[in-house]
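Novice: Have a look at this one before I ask anything.
The values are calculated or read from the model by the stated rules, or taken from the named source; none is laboratory data. Quick caveat, the model's predicted, so the values are computed rather than measured. Cβ coordinates were reconstructed from backbone atoms using ideal geometry, including for glycine residues, and neighbour counts include every protein chain displayed. With ligands, DNA and RNA removed, areas are computed over all heavy atoms of the protein, side chains included. Shrake-Rupley method; radii C 1.70, N 1.55, O 1.52, S 1.80 Å.
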Amino acid sequence: MKRLDIRQRALVLALAPATLIALLLAFYFINIRSAALEESLQERGLAIARHLAPASEYGVFAGNRPVLQRLADSALREADVKAVTIRDGLGAVLAQSGESLDPALPSKDRETVSASLERGRVLVFKTPILQNQIALEDFFEAPGADAAKPVEPAVIGSIHVEISRDELIARKARLLLHSLLITLGVLLATVFAATRMSRGITRPISRLTEAVEKIGAGDLDARVKPDSSGGLGALETGVNEMAVALKSARDNLEDRIAAATVELAARTREAERANQSKSRFLAVASHDLRQPLHALALFVAELRDKMHTAENRALVAHIDASVSAMEDLLDSLLDISRLDAGVVEPVLCDFPIAPLLDRLKADFTARARAKGLKLRVVRCSAWVRSDPVPLERILQNLLSNALRYTSKGGIVLGCRRRRKSLRIEVWDSGRGIPEVRQKDIFQEFVQLDNLGPGGGKGLGLGLAIVERLARLLHHRITLVSRVGVGSRFAVDVPRLSPPPAAMSPQQAAAPPARNEDLSGTLIAVIDDQALVRAGMHGLLTAWGYQVVVAGSADEAEAQLQNLREPDALICDYLLHGEETGLQLVTRLREKYGTATTPCILISGDTTPLLGQQAKAAGCRLMHKPVRPATLRTLLDDLLSARRNDGLDGNSDRGG
């Protein structure tokens, strides 16, 4: 099909279904008509035999051969009747007309008769001749006596009618011929119509192709005569306009080059300014990127609380793990992009190093095997204090760098316990780094020359990102390398000694069980995103809280008009309109005459200034996407502190 031109393809597409339909209809018609003809011949043979049987009863009974012969001769005059034989009850022939196929009868050409019978050219119908008997006792039965049982008629002979199928076969042949002629006529008509259609389609396309080839060869005066309508007409006009534009561009090329040179200088300066603002833009663009993940995390948490079977809870745990992985990946990408803006703040926490090493092993084992290298990851049970996302990115870049510059041998990822730190090391058996170049490789866009086999050239940013992230986390990076032997990169991370009690991932992800009745605790949620409102409402309601949701400041005031002061506020920082979440919280607090209403401010903006403003307003700041377990813990802490201060809803406010 690929070797055919467009005209031939159009013909094939038109003929294929038409041919199939015509053949199917012809086959169906022939089968139906053949079956009808066969059935008609069968019925004629049976009718003739059944008609002769009662007419022959007296002649057979009386042995009147002349009468029987006349019956046989008269039946032979019927169309297609080849022979008629009348026998008595013992099988003796009483009358016979025509050339019978019965082997017991003489025949001039027995071989021909037998061959015709074998080929199914003759149908034989046999019908018994019955004698109806009446018992003499029936005439002497007393009136009212029980009627005698009917006497079964006796078989006194048989009728053999032989019908020729020659005419039937001839009619079938004519039927097949006519069907084939009709099918051929349909196909010829289809070919004619498809040919006319393909010409109408391919002719303008051929003209377009010819014109485009001329224009491509440099003949910008070539034009297409627009004589088509619809899409082809628009395409023809477009090709002509393109030729005019190209000719005009070629004629004015020198002037445009001079103008472009001046414009290029101006745009170069503009690009430099844009590059400076790019990092600032990426630093604040995370709000819109984090918003759907924030809503998804809330829905997953709500779903987990509604799952009761172990299988369903395991499935939700997998979904939650995937959402967490997406959150970590998004955080990593955005944090790397914001390094130049200087707005990335590490989120330090205590965590075991073993899961991080396991993830790195799973990610890089296949890549190492593909290069014929062996990757060994030494397990470690230590706990460290760091930000796991930037730390994992540091080790990912170090492993990627080791794979790129190692052509044989292997790579080792392991840990050494120092006095107060854990040194995480990446060893490789690559070609090594000259001492004079060891400081240069941590700069942007710096790469070593002469990569080994299989090494791919990158942008030279991997180790520069490692150096900046390590400086951000206050982790020291060291390098020891010998040319022809290999290299060792190490990062020193603060170590916890002794480590805290370990908990399972399910325990860490699931919120602690609550037994208290929270139905009287009113939580107000203000967010301009409908998905976030729905997710937050379902999650808080599942936890047992009374929830009021609003999409704006005015809607929030309307929702709370006839209600008491909420026990806590959960508010998005960026709302539609000019008012921010902080300003809305301040207004609601002034309405209720208190400045101590607990408030959780949620935002995708991670700039330090917002954190300072939230702290000054007495609000707790959480960055999107919010982890439900963290939200529940923080909300419980705020409500517990409020109850301990005697400011809960049971003190002086009505329901």
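Novice: In segment 423-441, which residue that is at pLDDT below 85 and surrounded by fewer than 17 Cβ atoms within 10 Å (Cβ to Cβ) is nearest to Leu375 (Cα to Cα)?
Specialist: My answer is Gln438.
Novice: Check off (1) free of Cβ contacts under 8 Å to residues at least 40 places away in the same chain; (2) buried (at least 21 other Cβ atoms within 10 Å of the Cβ); (3) of a type outside the set (Lys, Arg); (4) in contact with a Phe, Trp or Tyr (Cβ under 8 Å, 6 or more places away or on another chain) for Leu610 and give me the number that stays unchecked.
Specialist: The single condition Leu610 does not satisfy is (2).
Novice: How many residues does segment 162-200 hold that are under 30 Å from Val239 (Cα atoms) and either open to solvent by less than 80 Å² (accessible area, probe 1.4 Å) or modelled with pLDDT of 75 or more (or both)?
Specialist: 5
Novice: Would you be able to tell me the number of residues in segment 559-572 that are more than 21 Å from Ser603 (Cβ to Cβ) and at pLDDT 85 or above?
Specialist: 1
Novice: Residues in segment 262-310 that are outside any helix (DSSP H, G or I) and either small (Gly, Ala, Ser) or at pLDDT below 70 (or both): how many?
Specialist: Residues flagged as outside any helix (DSSP H, G or I) and either small (Gly, Ala, Ser) or at pLDDT below 70 (or both) within segment 262-310 amount to 1.
Novice: State whether one or more residues within segment 312-327 are in a loop (DSSP other than H, G, I, E, B), touching a helix residue (DSSP H, G or I) at 6+ places or on another chain (Cβ under 7 Å) and either open to solvent by less than 60 Å² (accessible area, probe 1.4 Å) or at pLDDT below 75 (or both).
Specialist: Within segment 312-327, none of the residues are in a loop (DSSP other than H, G, I, E, B), touching a helix residue (DSSP H, G or I) at 6+ places or on another chain (Cβ under 7 Å) and either open to solvent by less than 60 Å² (accessible area, probe 1.4 Å) or at pLDDT below 75 (or both).
Novice: If the requirement is being in a helix (DSSP H, G or I) and at pLDDT below 90, which of these qualifies: Val466, Val446?
Specialist: After ruling out the rest, the residue left standing is Val466.
Novice: What number of residues in segment 204-219 are small (Gly, Ala, Ser), part of a helix (DSSP H, G or I) and open to solvent by 50 Å² or more (accessible area, probe 1.4 Å)?
Specialist: 2
Novice: Given Gln529, Gln561, which one is of a type in the set (S, T, N, Q) and either under 24 Å from Ala595 (Cβ atoms) or exposed (fewer than 14 other Cβ atoms within 10 Å of the Cβ) (or both)?
Specialist: Gln561
Novice: What's the number of the only condition in (1) modelled with pLDDT of 85 or more; (2) farther than 30 Å from Pro346 by Cβ that Lys457 fails to meet?
Specialist: (1)
Novice: Would you mind stating whether Thr586 is over 47 Å from the mean Cα position of the chain (by Cα), hydroxyl-bearing (Ser, Thr, Tyr), surrounded by 14 or more Cβ atoms within 10 Å (Cβ to Cβ) and within 22 Å of Gln529 (Cα to Cα)?
Specialist: Yes, satisfied.
Novice: Condition check: touching a residue at least 60 places away in the same chain (Cβ under 8 Å) and either open to solvent by 60 Å² or more (accessible area, probe 1.4 Å) or not hydroxyl-bearing (Ser, Thr, Tyr) (or both). Does Asp554 satisfy that?
Specialist: No: the conditions fail for Asp554.
Novice: Right, another one. Return yes or no: is Ala26 under 30 Å from His178 (Cβ atoms) and free of Cβ contacts under 8 Å to residues at least 40 places away in the same chain?
Specialist: Judged against the criteria, Ala26 is not a match.
Novice: Among the listed residues Pro608, Pro598, which satisfies the condition of being over 23 Å from Leu560 (Cβ atoms) and either modelled with pLDDT under 80 or not small (Gly, Ala, Ser) (or both)?
Specialist: Pro608
Novice: Among all residue pairs at least 6 apart or on different chains, which show Cβ distances below 9 Å where the first residue, located in segment 527-544, is under 17 Å from Arg632 (Cα atoms) and of a type in the set (A, V, I, L, M) and the second is open to solvent by 60 Å² or more (accessible area, probe 1.4 Å) and at pLDDT 85 or above?
Specialist: Matching pairs, first to second residue: Leu540/Gln546.
Novice: Looking only at segment 351-376, how many residues end up being in contact with an Asp or Glu (Cβ under 9 Å, 6 or more places away or on another chain) and within 19 Å of Tyr405 (Cβ to Cβ)?
Specialist: 2
Novice: Now for a different question. From the list Arg65, Arg70, pick out the single residue that is over 25 Å from Asp166 (Cα atoms), open to solvent by 80 Å² or more (accessible area, probe 1.4 Å) and touching a helix residue (DSSP H, G or I) at 6+ places or on another chain (Cβ under 8 Å).
Specialist: Within the list Arg65, Arg70, the selection yields Arg65.
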